[in-house]
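Please read the structure below before turning to the comments.
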Amino acid sequence: MKRSLILPALILISLSPACGQATAPPADAETPAEAPAETKVSTAEPAGPQVGDKIGESEAEQAAKDSSVAAAAAAALKEQEEIKARGVTEISWEDLMPEGEEERLQKMYAAQMATLYSIQEGSAADTAMQIGSFNTVDTFDGKKIRMPGYTVPFSYDAKAEIREFLLVPYFGACIHAPPPPPNQTIFVRTEDPILLKDLPQAVWIEGTLHAQKQESDLADAAYIIDLTRVEKYEY
């Protein structure tokens, strides 16, 4: 009887380590990595412009812009037709320079720069001199012309109306900067006085051009214009 109980007990003892090994892995065994959580994709609309978005004007904005450009072109064409009907030729400052004059000017300016080193600052010779020549172009002599420029008045009367002034190609000439060459300076005269209050504003000058020398305290001019029309220059 005792013998039959010992055998089952031995069988249970021999099986207990195997069962424990199957249910509890060693302490240093690696734990399988957990599967990554599923990434949620947002369906909300992004705020502000994104890469790849179309950048530019809308069709309505483009149409309005095209209409404005077309209107400006039509106005410019109409103005040119009116100028032509008045028998006026539009010219530039380059048209008043004889052939080879720019090269001669460069040599004159180089010679002036060479003498500046020998002039004592503050002396009587330390003044801005007008460099250039009275060489003119006869092509437009006696013709009605139109050209842009900046005004340099000699003085103002009580009503700020003037009858004579200089026309120059850049602002500040004869006042804050040396005068341009005589053939890039125009003496303008008019029988009807005009108002010139905004000197930094460029203007269109229209009148009869004369290749004629005119001296003044501000600068000497190689051309004279008898003024018939003055307009604001639109940039």
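Values quoted throughout were computed directly from the atomic coordinates according to the rules given, and no laboratory measurement underlies them. Worth saying up front: this structure is predicted, and the values here are computed from it rather than measured. Cβ placement follows ideal geometry from the backbone for every residue including glycine, while neighbour counts extend to all protein chains displayed.
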message = Amide H of ARG146 versus every other amide H placed in the peptide plane: which residues, excluding those fewer than 5 positions away on the same chain, fall under 5 Å?
response = THR89, GLU90, ILE91
ASP192-LYS84 FRET efficiency (beta carbon distance; Förster radius 25 Å; 0.05 resolution) = 0.55
ask   = What does the charge dipole of the stretch 178-235 about its Cα centre add up to, to the nearest 20 debye, if the Cβ of each Lys and Arg holds +1 and the Cβ of each Asp and Glu holds -1?
value = 80
key: Neighbourhood charge, 13 Å Cβ-Cβ cut-off, centred on GLN212 and excluding it, Lys, Arg +1 and Asp, Glu -1   = -3
ask   = Between TRP204 and GLU61, what length comes free when the chain is fully extended (0.36 nm per residue of separation minus the Cα-Cα distance, one decimal in nm)?
value = 48.2 nm
message = What does the C-alpha gyration tensor say about the overall shape of the stretch 143-235? Classify as rounded when a/c is under 1.5, otherwise prolate if a/b is larger than b/c, or oblate.
response = rounded
ask   = What is the extension gain from ALA160 to GLU215, computed as 0.36 nm multiplied by their sequence separation minus the C-alpha to C-alpha distance, in nm to one decimal?
value = 17.5 nm
ask   = For VAL152, what is the net charge nearby, where nearby means another residue's Cβ is under 12 Å from its Cβ and Lys, Arg count +1, Asp, Glu -1?
value = -2
inquiry  = If I take R0 = 25 Å and measure r between the Cβ atoms of ALA114 and TYR170 in this structure, what FRET efficiency does the formula 1/(1 + (r/R0)^6) give, to the nearest 0.05?
reply    = 0.55
note = Taking placed amide H atoms and a strict 5 Å upper bound, the residues 5 or more places from ILE175 or on another chain that come that close are none
request  = Among the listed pairs LYS143/LYS232; LYS84/LYS143; LYS144/LYS213; LYS84/LYS213; LYS78/LYS232; LYS84/LYS144, give every one whose C-alpha distance is greater than 20 Å.
outcome  = LYS143/LYS232; LYS84/LYS213
query = Using a basic spin-label model with each label point 7 Å from the Cα along Cα→Cβ, how many nm lie between GLN50 and LYS143?
reply = 6.3
key: Sequence-distant residues sharing a close amide H with ARG229 (under 5 Å, placed H)   = GLU206
